[in-house]
Amino acid sequence: MSNSIQVLNHAADNIRILAASMVEKAKSGHPGGAMGGADFINVLYSEFLQYDPEKPEWVGRDRFFLDPGHMAPMLYSQLALIGKFTLDELAQLRQWGSPTTGHPEFEVARGIENTSGPLGQGHVFAIGAAIAAKFLAAHTGNPSFSKETIYAYISDGGIEEEISQGGARIAGILGLDNLVMFYDSNDIQLSTETKEVMNEDTAAKYRALGWEVKTINGNDAAQIREAIQWAKGVQGKPALIIGKCIMGKGARKDDGSSYEANCKTHGAPLGGDAYRNTIKNLGGDPDNPFQIFDDVKEMYAKRAAELKDICAARYAEEAAWAAANPDKAVQQAEWFSGSAPKVDWTAVQQKANDATRSASAAVLSVLAEQVPNMICASADLSNSDKTDGFLKKTHAFTAGDFSGAFFQAGVAELTMACCCIGMALHGGVIPACGTFFVFSDYMKPAVRMAALMELPVKFIWTHDAFRVGEDGPTHEPVEQEAQIRLMEKLQNHSGKNSMLVLRPADAKETTAAWKLAMENTTTPSALILSRQNIADLPEGNDYSQAAKGAYIVAGSDANPDVVLVASGSEVSTLVAGAELLRKEGIKCSIVSVPSEGLFRTQTADYQSKILPANVKKFGLTAGLPVNLEGLVPRNEGIVWGLSSFGFSAPYKVLDEKLGFTAENVYKQVKSIL
Ligand SMILES: Cc1ncc(C[n+]2csc(CCOP(=O)(O)OP(=O)(O)O)c2C)c(N)n1
Ligand SMILES: [Mg+2]
């Protein structure tokens with residue numbers, strides 16, 4: 001600790017040189033913010049951040065979340081100073097196949113906990129990680145989790161994004177004193193100065209939300225050091241350091257005049273002579289800019305040695321804890337392995353003809369008992385989305401008490417989703433969150449990030465269709481299923497469907513769907529569940545077949561004249577419709593498709609067994625017809641769905657009016673045979 005200010009400044013200039021040079025070479029990127037924030041990140045990494053240079057995955061490490069992912073060159077340059085990236089790799093910013101991508105998501109082995117491309121989400125991921133650390137401290141007793149600090153870096157854009165209100169509220173109410181946030185307040189953003197769009201008193205706002213706040217010169221190493229020390233010492237509250245930073249610190253124009261505090265440096269290379277003048281001004285060599293100064297190397301070598309001692313002490317503490325708590329130590333290792341928890345699914349008792357949201361509650365109550373590292377959240381709907389099945393077996397987090405496992409997020413769906421993503425990024429916990437399906441619209445940006453990052457967050461969406469009824473069209477999801485199922489069609493970078501989306505047909509299929517979701521450790525999963533009761537599928541149904549994404553339900557006829565296809569509660573409507581058709585000797589096969597995405601991963605043979613070619617097909621969906629058009633090609637049949645927003649009326653009336661009845665199934669099928 002306590003490096004000389006001169007060397008610290010030299011190191012920050014080194015970061016500025018590298019960041020500006022990366023962008024210059026790439027001919028694309030964001031130099032200004034990175035140059036302004038260099039002093040903070042350098043003090044953080046050289047004097048505070050506790051990590052094991054040899055073992056990046058150490059679970060008790062401090063974590064640094066960079067909300068403005070566009071400042072990635074600052075992070076990469078910092079990580080080059082600690083040996084996680086080579087200078088050659090820096091020079092390959094944003095190129096095909098390069099590890100230095102535009103906005104990196106996460107790569108723990110390289111020291112990247114996360115950067116957010118979408119401004120605002122990143123610092124809420126950090127808040128989620130801070131919640132996970134508190135949970136793990138309380139549930140394992142491992143002293144490392146109490147020592148862990150989560151550092152978040154936010155910029156003007158993140159502060160302006162509405163999600164910052166939700167994140168700040170949660171961090172405040174939960175008293176997350178393991179969270180230290182640095183606000184790079186440089187008064188400049190992409191196209192304007194901040195004063196043109198924001199005149200709030202940010203410090204007062206965060207204080208009002210329960211944070212401790214300190215404002216400093218964000219380019220003064222001594223002030224930064226003091227502020228981080230102060231922030232780490234704050235008890236019972238999250239801490240915000242507002243650093244007044246200079247955008248493009250040290251930048252010079254082509255005529256040698258100052259290029260600081262200028263919007264133009266936000267998102268474009270400094271360019272030509274401006275670049276050369278800047279590098280010279282910062283003490284670098286414009287012809288050979290990718291270098292680390294000797295005194296900077298020395299400072300970071302010294303820090304690496306300090307970290308060895310710090311880690312040795314922490315590991316000793318952890319070993320003492322593990323020796324005293326061998327079962328907990330084994331459990332902790334399991335939790336961080338990311339493998340699926342062992343669940344005795346036979347413990348789930350389902351009631352006959354139940355709503356699938358209630359069936360989900362029955363599952364959640366078993367998971368609450370059997371999966372001790374699961375955290376369930378709700379956006380103020382726990383008694384409606386039935387996450388209360390989980391809540392009844394535990395209690396909600398409160399400031400200073402994380403011994404429960406329920407996270408009351410308040411009415412803030414995007415904040416909740418981002419917190420859950422942050423928990424998953426932290427590792428060691430299994431997050432799930434619930435709300436009404438129609439409000440998945442408020443969560444999509446986060447769902448997309450979870451899918452991109454391959455994080456196994458569970459999304460529980462209830463009130464899945466127009467059968468919300470009396471609440472009217474604002475509450476009736478119609479196009480949401482089509483939207484969310486697009487994520488099943490989008491492949492992640494591992495070549496898998498980026499999300500598993502399950503809409504179970506009855507109570508027992510809900511158990512099967514939850515099993516699939518819990519066993520899916522490599523992508524997010526979604527459960528789309530009904531508000532209303534659903535008649536059980538016929539006796540003898542083999543629910544294990546749900547694992548194939550689509551299957552023939554019990555009681556179906558062999559060599560059918562028509563294949564009836566649906567997911568969710570519409571399957572039971574098809575079963576009722578089939579009864580009418582059979583009276584006329586029409587043979588029906590009924591296919592439940594909880595997930596078309598999963599079905600499409602089965603063998604061609606299996607797929608054609610379930611949906612034989614050249615047999616007429618009829619699809620029924622409470623969403624847009626497109627939900628089933630991939631399964632029911634136009635030349636083979638028709639899909640009955642909704643083509644408009646819903647209407648306000650009791651759901652049984654809506655079923656009649658909109659044609660979701662056995663009689664209409666009969667009528668439509670007759671029209672195609
Ligand atoms: C949600 C979202 N909206 C818009 C953008 C595009 N964008 C990237 S940076 C930026 C301006 C950010 O300004 P600030 O956070 O102050 O960063 P600085 O200019 O100081 O580097 C914008 C609008 C984004 N990345 N994410
Ligand atoms: Mg800014």
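The values are calculated or read from the model by the stated rules, or taken from the named source; none is laboratory data. Predicted, not measured: the structure shown is a model, and the values here were computed from it. Positions of Cβ are generated from backbone atoms using ideal geometry, with glycine treated the same way; all protein chains shown enter the neighbour counts. Only protein heavy atoms, including side chains, enter the accessible area calculation; ligands, DNA and RNA are left aside. Shrake-Rupley method; radii C 1.70, N 1.55, O 1.52, S 1.80 Å.
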> Could you give every pair whose Cβ atoms fall below 6 Å, whose first residue belongs to the stretch 66-81 and is open to solvent by 10 Å² or more (accessible area, probe 1.4 Å), and whose second residue is within 15 Å of ligand 1 (Cβ to nearest atom) and outside any loop (DSSP other than H, G, I, E, B), counting only separations of at least 6 or pairs across chains?
Replying inline: none
>> Here's a check for you: in the stretch 465-480, which residue that is among the charged types (D, E, K, R) and closer than 24 Å to residue 445 by Cα is most open to solvent (accessible area, probe 1.4 Å)?
In response: 479
> Which residues, taken from the stretch 607-623, are within 16 Å of residue 553 (Cα to Cα) and open to solvent by less than 20 Å² (accessible area, probe 1.4 Å)?
Replying inline: 610, 617, 618, 619, 620
> Which residue out of 516, 452, 527, 490 is surrounded by 24 or more Cβ atoms within 10 Å (Cβ to Cβ) and under 22 Å from the mean Cα position of the chain (by Cα)?
Replying inline: 527
> Which of the residues belonging to the stretch 579-602 are surrounded by fewer than 21 Cβ atoms within 10 Å (Cβ to Cβ) and of a type in the set (D, E, K, R)?
Replying inline: 579, 582, 583, 584, 587, 600
> (1) of a type in the set (Val, Ile, Thr); (2) open to solvent by less than 40 Å² (accessible area, probe 1.4 Å); (3) under 19 Å from residue 502 (Cβ atoms): which one isn't true of residue 626, the others all being true?
Replying inline: (2)
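Residue 158 - would you say it is in contact with an Asp or Glu (Cβ under 7 Å, 6 or more places away or on another chain), in a strand (DSSP E or B) and buried (at least 24 other Cβ atoms within 10 Å of the Cβ)? Let's see the steps before the verdict.
On the way: in contact with an Asp or Glu (Cβ under 7 Å, 6 or more places away or on another chain): yes; in a strand (DSSP E or B): no; buried (at least 24 other Cβ atoms within 10 Å of the Cβ): yes.
For residue 158, the condition - in contact with an Asp or Glu (Cβ under 7 Å, 6 or more places away or on another chain), in a strand (DSSP E or B) and buried (at least 24 other Cβ atoms within 10 Å of the Cβ) - is not met.
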> Just to be sure, is residue 93 hydrophobic (A, V, I, L, M, F, W, C), over 20 Å from residue 186 (Cα atoms) and touching a residue at least 60 places away in the same chain (Cβ under 8 Å)?
Replying inline: yes
>> Quick check on this structure: which one of 497, 559 is under 28 Å from the mean Cα position of the chain (by Cα) and either of a type outside the set (A, V, I, L, M) or surrounded by fewer than 23 Cβ atoms within 10 Å (Cβ to Cβ) (or both)?
In response: 497
>> Quick check on residue 80: is it under 21 Å from the mean Cα position of the chain (by Cα), more than 16 Å from ligand 2 (Cβ to nearest atom), more than 26 Å from residue 161 (Cβ to Cβ) and assigned to a helix (DSSP H, G or I)?
In response: no
> Does any residue of the stretch 149-163 turn out to be away from ligand 1 (no atom under 16 Å from the Cβ), of a type outside the set (A, V, I, L, M, F, W, C) and within 26 Å of residue 29 (Cβ to Cβ)?
Replying inline: yes
>> Just the residues that are open to solvent by less than 10 Å² (accessible area, probe 1.4 Å) and either within 16 Å of ligand 1 (Cβ to nearest atom) or not polar (S, T, N, Q) (or both), please, taken from the stretch 133-148.
In response: 133, 135, 136, 145, 148
>> For the stretch 102-132, which positions are assigned to a loop (DSSP other than H, G, I, E, B), modelled with pLDDT of 95 or more and surrounded by fewer than 19 Cβ atoms within 10 Å (Cβ to Cβ)?
In response: 118
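Mind counting the residues in the stretch 398-433 that are among the β-branched types (Val, Ile, Thr) and within 17 Å of the chain's Cα centre (by Cα)?
Number of matching residues: 4.
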>> Filter the stretch 164-177 down to the residues that are buried (at least 24 other Cβ atoms within 10 Å of the Cβ) and more than 16 Å from ligand 2 (Cβ to nearest atom) and list them by number.
In response: 166, 167, 168, 170, 171, 174, 176
> Out of all the residues in the stretch 17-37, is one or more open to solvent by less than 10 Å² (accessible area, probe 1.4 Å), among the polar types (S, T, N, Q), away from ligand 2 (no atom under 16 Å from the Cβ) and modelled with pLDDT of 95 or more?
Replying inline: yes
> Within the stretch 253-260, is there a residue that is open to solvent by less than 20 Å² (accessible area, probe 1.4 Å) and either among the small types (Gly, Ala, Ser) or at pLDDT 95 or above (or both)?
Replying inline: no
>> If I filter the stretch 419-436 for residues that are more than 16 Å from ligand 2 (Cβ to nearest atom), among the polar types (S, T, N, Q), in contact (Cβ under 8 Å) with a residue 60 or more places away in the chain and closer than 22 Å to residue 396 by Cβ, do I get at least one hit?
In response: no
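So which helices (runs of 4 or more DSSP H) are wholly in the stretch 435-523 and hold at least 2 residues that are touching a Pro at 6+ places or on another chain (Cβ under 9 Å) and under 30 Å from residue 112 (Cα atoms)? Before the answer, list the steps.
Values: elements: 444-453, 480-489, 507-519.
Once the helices (runs of 4 or more DSSP H) in the stretch 435-523 are filtered for at least 2 residues that are touching a Pro at 6+ places or on another chain (Cβ under 9 Å) and under 30 Å from residue 112 (Cα atoms), what remains is 444-453, 507-519.
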> Among (1) buried (at least 20 other Cβ atoms within 10 Å of the Cβ); (2) within 23 Å of residue 94 (Cβ to Cβ), where does residue 288 come up short?
Replying inline: (1)
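Hey, among the residues in the stretch 218-263 that are farther than 22 Å from residue 152 by Cα and in contact (Cβ under 8 Å) with a residue 40 or more places away in the chain, which one's farthest from ligand 1 (Cβ to nearest atom)? Don't jump to the end; show me each part of the working.
Restricting attention to the stretch 218-263, the residues satisfying the condition of being farther than 22 Å from residue 152 by Cα are 250-263.
Then keep just the ones that are in contact (Cβ under 8 Å) with a residue 40 or more places away in the chain; that gives 250-251, 261-263.
Working: 250: 15, 251: 13, 261: 10, 262: 10, 263: 7 Å.
Applying the filter and picking the extreme gives 250.
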> So, of the residues in the stretch 375-386 that are in contact (Cβ under 8 Å) with a residue 40 or more places away in the chain and surrounded by fewer than 22 Cβ atoms within 10 Å (Cβ to Cβ), which turns out to be farthest from residue 137 (Cα to Cα)?
Replying inline: 384
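Assess whether residue 96 counts as being modelled with pLDDT of 95 or more, more than 27 Å from residue 428 (Cα to Cα) and among the aromatic types (Phe, Trp, Tyr). Even if it seems obvious, please write down each step before you answer.
Numbers: modelled with pLDDT of 95 or more: yes; more than 27 Å from residue 428 (Cα to Cα): yes; among the aromatic types (Phe, Trp, Tyr): yes.
Against the criterion (modelled with pLDDT of 95 or more, more than 27 Å from residue 428 (Cα to Cα) and among the aromatic types (Phe, Trp, Tyr)), residue 96 qualifies.
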> List the pairs whose first member sits in the stretch 107-124 and is β-branched (Val, Ile, Thr) and within 11 Å of ligand 1 (Cβ to nearest atom), whose second member is outside any loop (DSSP other than H, G, I, E, B) and at pLDDT 95 or above, and whose Cβ atoms are under 7 Å apart, counting only residues at least 6 apart or on separate chains?
Replying inline: 115/66; 115/69; 115/72; 115/75; 115/122
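Residue by residue, here is whether (1) more than 28 Å from the chain's Cα centre (by Cα); (2) over 27 Å from residue 48 (Cα atoms); (3) of a type outside the set (D, E, K, R); (4) surrounded by 14 or more Cβ atoms within 10 Å (Cβ to Cβ) holds:
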site	(1), (2), (3), (4)
307	yes, no, yes, yes
312	yes, no, yes, no
316	yes, no, yes, no
326	yes, yes, yes, no
330	no, yes, yes, no
342	no, yes, no, no
358	no, yes, yes, yes
368	no, yes, yes, yes
372	no, yes, yes, yes
